[in-house]
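Notes for the one structure printed next.
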Amino acid sequence: MDIPAQLSRELGLRPRQVEETLALLNEGATVPFIARYRKERTGSLDETQIRQLSQKWSYYRELDERRKTVLASIREQGKLTPELRRAIDNALAKTELEDLYLPYKPKRTTRGSKAREAGLGPLAHWIHACADPRCDLRTKAREFVKPDRLVETVEQALDGASDVLAEELADNAEVRLRLRELAANDGAIVSAPTKEFAGRKTKFSMYYDFRESVRRLPSHRILAMLRGEREKVLKLTLDVPLARAQHGIEGMFIRQRNPATFAFLQDVVADSLKRLLLPATETEIRRLLRERADAEACRVFAENLEALLLAAPAGHKSVLGIDPGFRTGCKVAALDATGQFLEYNAIFPHPPQKETTEARSHLLRMAQEHGVELVAVGNGTAGRETEQFIKTALADIAPDTRPPVVMVSEAGASVYSASETAAREFPDLDVTVRGAISIGRRLQDPLSELVKIDPCAIGVGQYQHDVNQTQLKTALDAVVESCVNRVGVDVNVASAELLRHVSGLNATLADNVVTYRSEHGSFHNRRDLLKVPRLGAKAFEQAAGFLRIPNGDNPLDNSAVHPERYDTVSRIARTLGVSVSELVGNERLLNTVRPETFVSDDLGLPTLNDILAELKKPGRDPRDTFEYAQFAEGVTEISDLTEGMRLQGTVTNVANFGAFVDVGVHQDGLVHISEMADHFVSDPRDIVKVGQVVSVTVLTVDRELKRISLRLETQRCLRRR
């Protein structure tokens, strides 16, 4: 199989694009590096296209390895015909290859294999091939009655012949494909409660009398029903148009309408369909549905994670991070503008202690002593109550210097607090203090802090624990890598956890960078990175363009211009009669540059245009302007909600069926996809994204089940800082 040629056809790419991209990947280049700095070689493929190409390449390589195994097995059996060899060579899917291999695959003992051992194969093939309307099946079968082979009657001989034909029919690749296509296009998944749960109200009640076509079944319903089945609440079955299936297979299997054999062969088809083909097809359809659901769930999770990681940072502002609590108190951590931990205090403003005066005193002192510009409050237990207390406690501070109080998602904070990463960062601090620090840092820079947490612990997916975890991890790791390199990393302040996601670096090199920095001080230019132990030329090539050095020796070191192109920038500057420092950021002057005059054998217009765009706004942050929601005063519990109430909230998760919004009552509300706009919405992510501040109206409140139904409003009031 010519894999590059197949990839070119399948993905609609030029052969050279495929060959050059695969060559770069095989050389050890990362996807962000290829997409950003090797556009001339790839024809400007973006990260999505490169990852898709890489995934397909891996799939076809695995397919080729399996193809070799299958061919060797059939060849050893002496059954490899030229026609079968061509079919196997042309198989482009693992399912297609396995269908071709099935008749030759070693099997456990079956009714068909027992019949063959009893010598009934020739009888079966005679019946199948018989064209003479005068032939007598019972007379022919009498020749195969052999008590020593446990075939004692004519009926047993005919039953055995039927078993042989039924199994051969079930092993036929074309029959399996046609039935699978029928099930996929016209079949339906039917769901009903198990006997134990019939009549009982559960979270799966909507699936008690449920039927939906395989073709239209959305991923979230697939995963929900599979979970219901796994929890023994639901029983799922595949419903296929049996009459059409029977008729279609008869047309493929029965060669002529011989009245002497037709009824017998019809029974063979019915038996094979019910006993072998339908169970196998159901297994295959379930697998296809699961793969489809996994792929979609991974896509949803990845897009939500990307939105969360690229959420606007509050920036270099001093913060009080607060992990709220009732009985155990609120943990307060003061951080400077770079996220460095300064001080910790525990306050107890809520019952049972209710030490409000002392708590207020601590807050005011810490806010004033450390010049606090923002207060970050975790949105978990006691979050809204703590928010209200802090606003009251800080009311005496002048409005122009009073720090705003912002609710921050706690998702995954406890995971970080107890992690090895947190223990290395703060070995002498309690886990609760680490949690408060994490909450504060999330407000300053979500990306830098969230990369320290397993993405699965952040909880922005749909049925994330039900999907293929290996596939999910691969997808989420790719998102983290993409986001980190898109934003860029200040090498003089970045944590090892952030650095390890930079193109070309790994955990060891990231640790080495941090160790070198602590021993020798800040990096003054990108070339200093080559002094880091084990960071060689290849790693430098891959990483340098994504690492930033503000206020370094060379202004280009704080940009996305790769060091390999510094000479090009110098030539541009000389042509304009200015220094590089005078050129960087001079948009008026840069607009006069004609990039085509600097094209060379290894430098084309795509990269030159990138260089000029970067020089106009060096080190620009692609993330949005920071904004936060203002929760309604006095609305802190689900019991405070009433229908028609209009609130402001933050989108916490987006699924295929809608978006979840935190409105400050410890229970997210759901904006169903049908309540997102006054027009049809096919994908909620076209309307909202994780972290977005929105205005919503309360439609219904089910306090018993703790379900809040919301409608998205088109207008929203944002607080910008």
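The values are calculated or read from the model by the stated rules, or taken from the named source; none is laboratory data. Model, not experiment: these values are computed from the prediction. No Cβ is skipped: glycine too gets one built from the backbone with ideal geometry, and neighbour counts run over all protein chains shown.
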### Query
Do any residues in region 529-548 that are of a type in the set (S, T, N, Q) have Cβ atoms under 6 Å from those of residues that are buried (at least 20 other Cβ atoms within 10 Å of the Cβ), where the two are at least six apart or on different chains, and which pairs are they?
Gln542/Thr30; Gln542/Phe33; Gln542/Ser503; Gln542/Gly504
### Message
Tally up the residues in region 557-575 that are more than 21 Å from Thr30 (Cβ to Cβ) and either touching a residue at least 60 places away in the same chain (Cβ under 8 Å) or not assigned by TED's automatic domain parsing to the domain that holds Asp528 (or both), please.
### Response
1
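Filter region 401-450 for residues that are among the basic types (Lys, Arg) and within 22 Å of Ala346 (Cβ to Cβ); which is farthest from the chain's Cα centre (by Cα)? Don't jump to the end; show me each part of the working.
Applying the first criterion (among the basic types (Lys, Arg)) to region 401-450 yields 402, 424, 434, 441-442.
From what is left, the residues that are within 22 Å of Ala346 (Cβ to Cβ) are 434, 441-442.
Details: Arg434: 28, Arg441: 25, Arg442: 22 Å.
Looking at residues that are among the basic types (Lys, Arg) and within 22 Å of Ala346 (Cβ to Cβ), I get Arg434.
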### Summary
With the first residue restricted to region 450-470 and required to be on the phi > 0 side of the Ramachandran plot, and the second required to be at pLDDT below 90 and in a loop (DSSP other than H, G, I, E, B), Cβ contacts under 7 Å at 6 or more apart or on different chains are Gly459/Ala411
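Among what's in region 442-477 and is among the acidic types (Asp, Glu) and within 27 Å of Lys317 (Cα to Cα), pick the residue that is surrounded by the most Cβ atoms within 10 Å (Cβ to Cβ).
Of the residues in region 442-477, the ones among the acidic types (Asp, Glu) are 445, 449, 454, 466, 477.
Then drop every residue that is not within 27 Å of Lys317 (Cα to Cα), which leaves 445, 449, 454.
Details: Asp445: 21, Glu449: 25, Asp454: 12.
This residue is Glu449.
Does Arg41 count as within 28 Å of Ala539 (Cβ to Cβ) and not assigned by TED's automatic domain parsing to the domain that holds Glu174? Give the derivation first.
Values: within 28 Å of Ala539 (Cβ to Cβ): yes; not assigned by TED's automatic domain parsing to the domain that holds Glu174: yes.
So Arg41 passes the test.
Kindly indicate which of Leu276, Leu310, Leu238 is surrounded by 15 or more Cβ atoms within 10 Å (Cβ to Cβ) and either among the small types (Gly, Ala, Ser) or not assigned by TED's automatic domain parsing to the domain that holds Thr139 (or both). Can you show your working first?
Numbers: Leu276 fails: either among the small types (Gly, Ala, Ser) or not assigned by TED's automatic domain parsing to the domain that holds Thr139 (or both); Leu238 fails: either among the small types (Gly, Ala, Ser) or not assigned by TED's automatic domain parsing to the domain that holds Thr139 (or both).
When all the criteria are applied, what remains is Leu310.
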### Enumeration of residues in region 82-101 that are hydrophobic (A, V, I, L, M, F, W, C) and either under 37 Å from the mean Cα position of the chain (by Cα) or exposed (fewer than 10 other Cβ atoms within 10 Å of the Cβ) (or both)
Ala87, Ile88, Ala91, Leu92, Ala93, Leu97, Leu100
### Message
Tell me whether region 566-582 contains one or more residues that are closer than 28 Å to Ile34 by Cβ and part of a loop (DSSP other than H, G, I, E, B).
### Response
no
### Task
Would you please name the residue that is farthest from the chain's Cα centre (by Cα), looking only at residues in region 510-534 that are among the β-branched types (Val, Ile, Thr) and part of a helix (DSSP H, G or I)?
Thr515
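Within region 45-81, which residues are touching a residue at least 60 places away in the same chain (Cβ under 8 Å) and either more than 26 Å from Glu541 (Cβ to Cβ) or surrounded by fewer than 16 Cβ atoms within 10 Å (Cβ to Cβ) (or both)?
Step one: of region 45-81, the residues touching a residue at least 60 places away in the same chain (Cβ under 8 Å) are 47, 51, 63-64, 67.
Listed by number, the residues that qualify are Leu63, Asp64, Arg67.
Would you tally the residues in region 634-661 being of a type in the set (A, V, I, L, M) and in a strand (DSSP E or B)?
We begin by selecting, within region 634-661, every residue of a type in the set (A, V, I, L, M); these are 635, 638, 641, 645, 647, 651, 654-655, 659, 661.
Of the ones still in play, those that are also in a strand (DSSP E or B) are 647, 651, 654-655, 659, 661.
Total meeting the criteria: 6.
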### Query
Taking interchain pairs and intrachain pairs at least six residues apart, which have beta carbon atoms under 9 angstrom, with the first residue in region 386-405 and on the phi < 0 side of the Ramachandran plot and the second exposed (fewer than 12 other Cβ atoms within 10 Å of the Cβ) and aliphatic (A, V, I, L, M)?
Arg402/Ala395
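If we only count helices (runs of 4 or more DSSP H) wholly inside region 78-161, which ones have 1 or more residues that are within 30 Å of Ile3 (Cβ to Cβ)? Lay out the reasoning, then the answer.
Details: elements: 82-90, 94-101, 111-117, 121-129, 137-142.
Once the helices (runs of 4 or more DSSP H) in region 78-161 are filtered for at least 1 residues that are within 30 Å of Ile3 (Cβ to Cβ), what remains is 82-90, 94-101.
If you take the residues of region 353-379 that are in a loop (DSSP other than H, G, I, E, B) and without any contact (Cβ under 8 Å) to a residue 60 or more places away in the chain, which of them is surrounded by the most Cβ atoms within 10 Å (Cβ to Cβ)?
If we filter region 353-379 for residues that are in a loop (DSSP other than H, G, I, E, B), which is where we start, we get 353-355, 370-373, 379.
From the residues that got through so far, the ones that are without any contact (Cβ under 8 Å) to a residue 60 or more places away in the chain too are 353-355, 370-373.
Numbers: Gln353: 15, Lys354: 10, Glu355: 14, His370: 17, Gly371: 13, Val372: 24, Glu373: 19.
Among them, the one singled out is Val372.
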## Note on the structure
By residue number, the members of region 216-251 that are assigned to a loop (DSSP other than H, G, I, E, B) and either among the aliphatic types (A, V, I, L, M) or under 27 Å from Phe301 (Cα atoms) (or both) are Arg216, Leu217, Pro218, Glu231, Lys232, Val233, Val240
### Summary
Per the list (1) of a type in the set (D, E, K, R); (2) without any contact (Cβ under 8 Å) to a residue 24 or more places away in the chain; (3) more than 28 Å from Thr110 (Cβ to Cβ), residue check on Arg215 breaks on (2)
